[in-house]
Structures are given as structure tokens and as C-alpha cells.
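Read through the structure below, which is laid out as C-alpha cells, and then see the notes.
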Amino acid sequence: MSTGSLSSTSVPVFVAGQIRVTDGANMGDVISFASELILDDVYALDFDAVPARLSLVARDDASFCIDPDTMIGTPGAEVHLDCALTFMSSDGAISDALLMVEVDAQGDIAEIYLLPFSALRAKSEYRLVGIDRDAAHSKFAQVACVSFTRGTQITMASGAQQPVEDLSVGDRILTRDDGVQTLRWIGTSTTRAVGEFAPIRIAAGTLNNTADLLVSRDHRLFIYQRTDELGAGRAELLVKARHLVNGTSVTVDEGGFVDYFQLLFDSHQIIYAEGIAAESMLITSRTRPVLPQDMARSLGAHIPGHSDLPHAGLDVNEGLLKRPDAAGLLKKASSR
């Protein structure tokens, strides 16, 4: 089991050599950092290009380095979020992406990565129509934030169930570890339900949930194992929703738009959504950019209950969950 930082995240990226200009001023060149990009250049993926998972750790100073469990890149190397890009396909569809630059110990460029927020097709061409150097951190924060979808029933202090969209700052909500806690902030956003922004649907009953639960891909669910069915070596587990996808009881819910809600408390909490124990928002250097600027400034750099990583070490390594019956085993383990 991994006991890595709660600030780590894993995203699917293409390396620069897999995507190049097929028409425009930079004809034949691979994609590069913002200062070398030119609007209206047309890009295409190599025919056999497939994304690989890049694992990043957010440092306290808001910089990023590559996590040891990465599938690509050099562990420990620094990665800069260079810019947010917008592409338009030949049929007029818009695709957003994030450009990231890995540097070596001397500060020289080692690799450039493109993180698409929706699937890019190898046989399609994409015209670059937007370059935003200021939005990279906020875009990445949106991916990193754990979010509930509209309609999710949250357990209140009284035991009553209330839809997440009807919650208000100051509401009292039941938590697993600290009893009743006050809701301090609610973030909301609406995005296309594609790629990294497509929610995961956990069908009713899959983890003893009362109804379908839809959450963001990296939203972690808390499982208490009465028997160690996974071989994780501990009773308390945090499991990312995307690691449970099996195509039947746990699926990716793509298509249309999705309303996401982030719930913030004074400390990182485990609350109850559709009867499942699930985490609330954790403020790190990675997620802080989604907060209103005045609130982010007032909180300061160190936030007890967030900076102290109260649930560190509970994450389950993805390797233990790469089996179609993982959700069934977790239900069995928590039901005995």
C-alpha cells in the first residue's frame, strides 16, 4: 500500500514528441511551451500515440515534482505548469488542455507534456485558438479538487439527508472522525463531462450506498475493512473512485455537462454521501487556486487540519485495485 502524500495526483499526458504541427507557422515542429506557440497552428497526434500517467506531488511552495510511482518522467524532477491551451477541431468542438514542462537539475527542459481535458483522436486535427499563461494553476486545481455532483444526498448533523446543491455555509454536517462540523465554504463549477472532468458513477448498492453516487474521478472514498479482503495490510482505506471502474457497477459517466460542488471544513473530513463515507475538500498548494483570492490570502500558508495531513497513509495503491471484483471485495470487507 502506498503511504504517499495526500497532495499527489496522477494525470494522463502525451509527450511533446507525440503531437506536432501539420499546418501553420511552426509546420513540422512538436508542441512546445507558451512563448514558442503560435495561434492558428494546426496540431495532430501521432497515429500510435497513447497517453501515459504522470504522477505529481504538490510542494508547499506551489511547485510540483514527479512522484516515484509515475509511469512517465523522472521521479523527483520539477514540473512547471506552463499554460492552459484551447484547441478547436474541424467540426468546431472545443478541447482544453494544460501544458507542463519537466526540468532537470540544471533547470533545462527535459520534457514537455500535454494534459488534455477531453480525449484527443489520432486521426483528427486541432487548431490552437487560445493560449492562457495565467490560468494553468486554476485549471489544474479544478482537476485536483474532490467534488460531489448535483443531487448527491449529504448526511446532516441531525441525520437528515440534504442535496449538496441546497447546502449553505454554516450548515452543520456529520463527520466520521470529529462528530458534527461546520461547513465553511462551498465551491461550484459547471463543466463538460468529458475526459478528466467526467464523473464516476457508483451504482446503488455497490458499496452499500443507498442511491447512485457520482463524484469526481480522484474523489477518495473511505472504507473500513472488517476483514482484509484486498491484502492492503490495514483496516482503514482511502480509495480513489476511478480505481474502482469496472464497466458495470462503477462506470465513467461521460457526456453533456456536470455541476460539481466542493465542500470545505476547517479540517479535512470524512463525511457521508448517499451513505458512503467520502472525503471533503483538502486544501493544498495544488487545490488552493480554486478558492476566492481574499479567502486564500486570509487562510495563510499553514492550515491546521489541512497542512497536517490528518488522513495520510490511508491511500490504497492502484495495483491492489486492478481487478474487476475490487468494488465487490470492498463491499464484502466492510459488511462483515
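For a test of the definition: using alpha carbon positions, the gyration tensor, and the 1.5 limit on a/c, classify the stretch 20-157 as rounded, prolate or oblate. Provide the component values of the computation, followed by the final result.
Values: a/c = 1.90, a/b = 1.22, b/c = 1.56.
Judged from the Cα gyration tensor, the stretch 20-157 comes out oblate (a/c at least 1.5, b/c at or above a/b).
Tell me, what does the Kirkwood hydrodynamic radius of the chain come to in angstroms if you use every pair of distinct C-alpha atoms?
It is 20.9 Å.
How many lysine pairs in the chain, separated by 8 or more positions in sequence or lying on different chains, have Cα atoms less than 27 Å apart?
Qualifying lysine pairs in the chain: 7.
In what order, largest first, do Phe33, Phe87 sit by accessible area if the probe radius is 1.4 Å?
Phe33, Phe87
Using label points projected 7 Å from each Cα along Cα→Cβ, tell me how many nm separate Gln162 and Asp228, to one decimal.
According to this spin-label approximation, the distance is 4.0 nm.
If I model a spin label as a point 7 Å beyond the Cα along the Cα-Cβ vector, how far apart are those points for Asp91 and Phe33 in nm?
Taking the simple label geometry, Asp91 and Phe33 are separated by 3.6 nm.
Quick one: angle between helix 326-335 and the longest Cα principal axis of the chain, in degrees between 0 and 90, rounded to 10, please.
In the chain, helix 326-335 runs at an angle near 20 degrees to the longest axis.
Run the Debye formula on the Cα coordinates of the stretch 197-251, all scatterers equal and no solvent, and tell me log10 I(q)/I(0) at q = 0.14, 0.17, 0.26 1/Å.
At q = 0.14, 0.17, 0.26 Å⁻¹ the computed log10 ratios are -0.37, -0.55, -1.09.
On the first, second and third principal axes, largest extent first, how far apart are the outermost C-alpha atoms of the stretch 226-336 in Å?
Taking max minus min along each principal axis of the Cα atoms, the stretch 226-336 gives 45, 38, 25 Å.
Ratio of alpha-carbon Rg to the 2.2 N^0.38 Å globular estimate for the stretch 144-251, to two decimals, please.
On the way: Rg = 14.8 Å, N = 108, 2.2 N^0.38 = 13.0 Å.
Taking N as the residue count of the stretch 144-251, the ratio is 1.14.
At a probe radius of 1.4 Å, what is the per-residue accessible area of Arg121, in Å² to the nearest 10?
130
If you plug each phi of the stretch 290-298 into the Karplus form 6.51 cos²θ - 1.76 cosθ + 1.60 with θ = phi - 60°, what whole-Hz ³J(HN,Hα) values come out, in order, with x for Gly and Pro?
Result, ordered by residue: 7, 6, x, 4, 5, 5, 4, 5, 5 Hz.
How compact is the stretch 84-162 by the rule of thumb for globular proteins, expressed as Cα Rg over 2.2 N^0.38 Å?
My calculation over the Cα atoms of the stretch 84-162 gives 1.60.
Measure out, as a whole number of angstrom, how far apart the alpha-carbon centroids of the stretch 183-245 and the stretch 15-60 sit.
Cα centres, the stretch 183-245 to the stretch 15-60: 32 Å.
Top to bottom by accessible area (1.4 Å), largest first, where do Tyr224, Tyr272, Tyr260 land?
Tyr224, Tyr272, Tyr260
GNM, the chain, Cα, under 10 Å: largest mean-square fluctuation among Lys240, Lys139, Lys123?
Greatest mean-square fluctuation among the candidates belongs to Lys123.
Which cross-chain or sequence-distant (5 or more) residues have an amide H under 5 Å from the amide H of Ala211, H modelled 1.01 Å from N in plane?
Close amide H contacts, sequence-distant or interchain: Gly205.
At 1.4 Å probe size, with no ligands or nucleic acids counted, give the accessible surface of Thr248 in Å², nearest ten.
Accessible area of Thr248: about 110 Å².
Sorted by accessible area with a 1.4 angstrom probe, largest first, how do Asp218, Asp82, Asp132 fall?
Asp132, Asp82, Asp218
In the Gaussian network model of the chain, springs joining C-alpha atoms below 10 Å, which of Met88, Met71, Met295 carries the largest mean-square fluctuation?
Met295
In the stretch 6-61, what is the volume of the convex hull around the alpha carbon atoms, normalised per residue and reported in Å³?
Details: hull volume 5.3 nm³, N = 56.
Enclosed volume per residue, from the Cα hull, is 95 Å³.
The values are calculated or read from the model by the stated rules, or taken from the named source; none is laboratory data. These numbers were taken from a predicted model, which means no experiment stands behind them. Cβ atoms come from the backbone with ideal geometry, glycine included; neighbour counts cover every protein chain shown. The protein model used for the area step is the full one, side chains on, heavy atoms only, and it has no ligands, DNA or RNA in it. Shrake-Rupley method; radii C 1.70, N 1.55, O 1.52, S 1.80 Å.
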